[in-house]
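Notes for the one structure printed next.
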Ligand code: GLA
């Protein structure tokens, strides 16, 4: 009898321990939660991989857990993730654990903590999903109103993460049009740090919805513990660090609650977007590589498919589209070894032909004056030249000067009793994506093009205006606009992808306005910036690579003087920078000399060889342009570590300069690699050409790279090198 009682007690104890503490792991990381029935759910640890015993001993080590999803009303000044007003006017929530569910999915596990308010029939399911092989854990919530009447959500963030105070720094991305993805590094101090975006339709121009949190002092590329966070959402967001009077920086992220109260009807569930975390002990670079691998595998379209080398017509001809010009550009890119030609803006409009940016969006019919034989002729002409054809659209927008607007003035965003608020060209307007009729229209733009021209291979889907007028002529609840816009866009993208799974689609938004993990699940890549200046691109692509892989970053060789910054750089320099992303060209080839075309031809051929390494390899950033050393350097290494591509760019030019010798990273220390320079323009080969070195030597000592290019003619102050390394 005594024996039985003892084992029941043991079982109860065991049961208690198991239900109270939940451990979710990936290959190298773990999350420890507390889910005690009847209590608020807590987070105890996110970071290195702990064994169950270690996790169980955290309390013995003096660790204190923090609220996993703090709700407003009964928690004093704690920054909340969720705030509601019940139908009776009560503004509090008291969420308590009801149970825990765990289920496996192909890439890991989903752990859900079911919580319910102590008084109201209002539930929140807090989900954590592990991506085992990529060391990512994401969180999101499902908020359900089981009350009889509507509950207003005044804040509905995706999740929180307490970060222990120490010497914690954050790196975030900021910018503007033509200067996207710039890195901002700062120490977290007391008070609030808020990163947010209220653009409405796009969200990565001014700042990004991702952040790196370095736990061991000033961020380093290959050392130190780093937590990376990315909110997977294409709309308005808020990332908040609150550091007040305790031992934690409280990090919270989700949809920006400002002017966005959500009326949750009875029985309705609101699902917040995924907030993805990674943890690495290999510095910023380790965290970035986790994001890249995860993104390619789970969060972008065709992350395992090589991208084609293309020519885009925009900077070459702008709106000056005609058949002869398009055919010439196709000829040129085909002759240089390119695989795709993309006709940008200016091809459409009947009653209002698109000759500049002041009209025609929405009238997606070919301008027969410019292109008498239609799109079909262009697709066939491209095919005759052995390349594919792509086309530009901006389907979520119209101009007041358009047939679409004349027919459907009620389809644009406009506040009642207010005038229209225009964007680009003084006439651009945002279509109301919350309206199902508009969604049908936007889907039809793609569907018509593809039905008539099934061989279109690529679409550049642009979005050149933010939401300037808060007003839907369709929605009953105006505060739903931000969420409804994104849901409408998602619904259209789902339909497009269901019908056209193979199509390549670029997300462009006045350049890099749609570089985020909320959009990429439907898109293959994004346009990093309208600024194609190679020097500024080094800074922008560097920052963007914190969270996004090279395969997602469209990077084009353009003309000089550059059309945005008017800088003149050498063609080799422009090639060497563009080749570090998804290579393309955006130039009028007929203005290039034969010698220039030849250099591009060789570069394209060499890019095709290194393409799998750039597009699927692991990136190692070596010397940052932000460190002010006058040069920048990084590399990609194949997953097998048998091949690598190394980039060296000079970013300032003064006489008598002395740069660091760069130590490589990511190679196999035991392997021996042979060096071959790509895009070589020098009269003499490099002294290291064809020589072999151990991975250990390259990583611990490094090569001497001559500081200047020495071609036979046309010396320039813009020097750069690209080296290909192959295991012997
Ligand atoms: C935006 C894009 C550009 C180009 C133009 C066309 O600015 O970012 O790349 O497509 O629109 O109008």
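The values are calculated or read from the model by the stated rules, or taken from the named source; none is laboratory data. Here the structure is a predicted model, which means the values were calculated and not measured. No Cβ is skipped: glycine too gets one built from the backbone with ideal geometry, and neighbour counts run over all protein chains shown.
Being surrounded by fewer than 17 Cβ atoms within 10 Å (Cβ to Cβ) and not in a loop (DSSP other than H, G, I, E, B) is the filter; apply it to segment 175-195 and report the residue that is nearest to the chain's Cα centre (by Cα).
The extreme case among them is 184.
Name, by its number, the condition in (1) within 16 Å of the ligand (Cβ to nearest atom); (2) touching a strand residue (DSSP E or B) at 6+ places or on another chain (Cβ under 9 Å) that does not hold for residue 365.
Evaluating residue 365 over (1) within 16 Å of the ligand (Cβ to nearest atom); (2) touching a strand residue (DSSP E or B) at 6+ places or on another chain (Cβ under 9 Å) leaves (1) as the failure.
Across segment 584-607, which residue is nearest to residue 179 (Cα to Cα) among those that are outside any helix (DSSP H, G or I) and away from the ligand (no atom under 16 Å from the Cβ)?
Top of the filtered list is 592.
Please find, within segment 263-306, the residue that is surrounded by the fewest Cβ atoms within 10 Å (Cβ to Cβ) out of those that are within 15 Å of the chain's Cα centre (by Cα) and within 30 Å of residue 151 (Cβ to Cβ).
Here the answer is 274.
In this structure, does residue 357 turn out to be within 15 Å of the ligand (Cβ to nearest atom), assigned by TED's automatic domain parsing to the domain that holds residue 513 and touching a helix residue (DSSP H, G or I) at 6+ places or on another chain (Cβ under 7 Å)?
yes
Checking residue 627 against (1) surrounded by fewer than 20 Cβ atoms within 10 Å (Cβ to Cβ); (2) touching a strand residue (DSSP E or B) at 6+ places or on another chain (Cβ under 8 Å); (3) assigned by TED's automatic domain parsing to the domain that holds residue 683, which single condition isn't satisfied?
(2)
Of everything in segment 415-441 that's touching a strand residue (DSSP E or B) at 6+ places or on another chain (Cβ under 7 Å) and not in a loop (DSSP other than H, G, I, E, B), which residue is farthest from the ligand (Cβ to nearest atom)?
Taking the candidates together, the pick is 438.
So is residue 330 outside any loop (DSSP other than H, G, I, E, B), within 16 Å of the ligand (Cβ to nearest atom) and in contact with a helix residue (DSSP H, G or I) (Cβ under 8 Å, 6 or more places away or on another chain) or not?
no
Looking at residue 338 and the list (1) within 16 Å of the ligand (Cβ to nearest atom); (2) assigned to a loop (DSSP other than H, G, I, E, B); (3) buried (at least 23 other Cβ atoms within 10 Å of the Cβ), which single condition is not satisfied?
(1)
Each row is one residue, and each column tells you yes or no for (1) touching a strand residue (DSSP E or B) at 6+ places or on another chain (Cβ under 6 Å); (2) in contact (Cβ under 8 Å) with a residue 24 or more places away in the chain.
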{"residue": "486", "(1), (2)": "no, yes"}
{"residue": "493", "(1), (2)": "no, yes"}
{"residue": "498", "(1), (2)": "no, no"}
{"residue": "501", "(1), (2)": "no, no"}
{"residue": "506", "(1), (2)": "yes, yes"}
{"residue": "510", "(1), (2)": "no, yes"}
{"residue": "518", "(1), (2)": "no, yes"}
{"residue": "521", "(1), (2)": "no, yes"}
{"residue": "526", "(1), (2)": "yes, yes"}
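Among the numbered criteria (1) more than 14 Å from the ligand (Cβ to nearest atom); (2) within 19 Å of the chain's Cα centre (by Cα), which single criterion is violated by residue 555?
Failing condition for residue 555: (1).
Of all residues in segment 540-559, which are crowded, with 23+ Cβ neighbours inside 10 Å and farther than 29 Å from residue 489 by Cα?
557, 558
Counting only residues that are within 10 Å of the ligand (Cβ to nearest atom) and on the phi < 0 side of the Ramachandran plot, which one in segment 485-513 is surrounded by the most Cβ atoms within 10 Å (Cβ to Cβ)?
Of everything passing the filter in segment 485-513, 512 is surrounded by the most Cβ atoms within 10 Å (Cβ to Cβ).
Got a number for residues in segment 342-356 being within 19 Å of residue 320 (Cβ to Cβ) and surrounded by fewer than 20 Cβ atoms within 10 Å (Cβ to Cβ)?
4
When you look at residue 462, is it touching a residue at least 24 places away in the same chain (Cβ under 8 Å) and away from the ligand (no atom under 16 Å from the Cβ), yes or no?
no
Yes or no: residue 403 surrounded by fewer than 16 Cβ atoms within 10 Å (Cβ to Cβ) and away from the ligand (no atom under 16 Å from the Cβ)? Steps first, answer last, please.
Numbers: surrounded by fewer than 16 Cβ atoms within 10 Å (Cβ to Cβ): no; away from the ligand (no atom under 16 Å from the Cβ): yes.
For residue 403, the condition - surrounded by fewer than 16 Cβ atoms within 10 Å (Cβ to Cβ) and away from the ligand (no atom under 16 Å from the Cβ) - is not met.
If you check every pair at least six apart or on different chains, which have Cβ atoms under 7 Å apart with a residue in segment 89-102 that is surrounded by 15 or more Cβ atoms within 10 Å (Cβ to Cβ) first and a residue that is at pLDDT below 95 second?
100/19
With respect to residue 566, is the statement that it is outside the structural domain of residue 291 (by TED's automatic domain parsing) and either within 14 Å of the ligand (Cβ to nearest atom) or not in a loop (DSSP other than H, G, I, E, B) (or both) true? Step through it out loud before you land on a result.
Numbers: outside the structural domain of residue 291 (by TED's automatic domain parsing): yes; either within 14 Å of the ligand (Cβ to nearest atom) or not in a loop (DSSP other than H, G, I, E, B) (or both): no.
Considered against the rule, which asks whether it is outside the structural domain of residue 291 (by TED's automatic domain parsing) and either within 14 Å of the ligand (Cβ to nearest atom) or not in a loop (DSSP other than H, G, I, E, B) (or both), residue 566 comes out as no.
Mind checking whether some residue in segment 608-615 is buried (at least 19 other Cβ atoms within 10 Å of the Cβ) and in a strand (DSSP E or B)?
No; the residues of segment 608-615 include none that is buried (at least 19 other Cβ atoms within 10 Å of the Cβ) and in a strand (DSSP E or B).
So residue 457 fits all but one of (1) more than 16 Å from the ligand (Cβ to nearest atom); (2) crowded, with 16+ Cβ neighbours inside 10 Å; (3) under 24 Å from residue 232 (Cα atoms); what number is the exception?
Just one mismatch for residue 457, condition (3).
Can you work out which of the residues in segment 465-484 that are away from the ligand (no atom under 16 Å from the Cβ) and within 20 Å of the chain's Cα centre (by Cα) is surrounded by the most Cβ atoms within 10 Å (Cβ to Cβ)?
Taking the candidates together, the pick is 482.
Keeping to segment 464-481, report how many residues are within 27 Å of residue 360 (Cβ to Cβ) and assigned to a helix (DSSP H, G or I).
Residues meeting the conditions: 1.
Which residues, taken from segment 215-258, are part of a loop (DSSP other than H, G, I, E, B) and under 20 Å from the mean Cα position of the chain (by Cα)?
221, 232, 233, 234, 235, 236, 256
This table checks each residue for (1) within 24 Å of residue 249 (Cβ to Cβ); (2) under 34 Å from the mean Cα position of the chain (by Cα); (3) at pLDDT 95 or above; (4) outside the structural domain of residue 281 (by TED's automatic domain parsing).
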{"site": "65", "(1), (2), (3), (4)": "yes, yes, yes, no"}
{"site": "72", "(1), (2), (3), (4)": "yes, yes, yes, no"}
{"site": "90", "(1), (2), (3), (4)": "no, no, yes, no"}
{"site": "96", "(1), (2), (3), (4)": "no, no, yes, no"}
{"site": "100", "(1), (2), (3), (4)": "no, yes, yes, no"}
{"site": "129", "(1), (2), (3), (4)": "yes, yes, yes, no"}
{"site": "138", "(1), (2), (3), (4)": "yes, yes, yes, no"}
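Of (1) in the same structural domain as residue 426 (by TED's automatic domain parsing); (2) crowded, with 22+ Cβ neighbours inside 10 Å; (3) touching a helix residue (DSSP H, G or I) at 6+ places or on another chain (Cβ under 7 Å), residue 528 satisfies all except one. Which?
(1)
Mind checking which pairs have a first residue in segment 394-410 that is closer than 15 Å to residue 443 by Cβ and assigned by TED's automatic domain parsing to the domain that holds residue 427 and a second that is at pLDDT below 95 and within 16 Å of the ligand (Cβ to nearest atom), Cβ under 8 Å, 6 or more apart or different chains?
none
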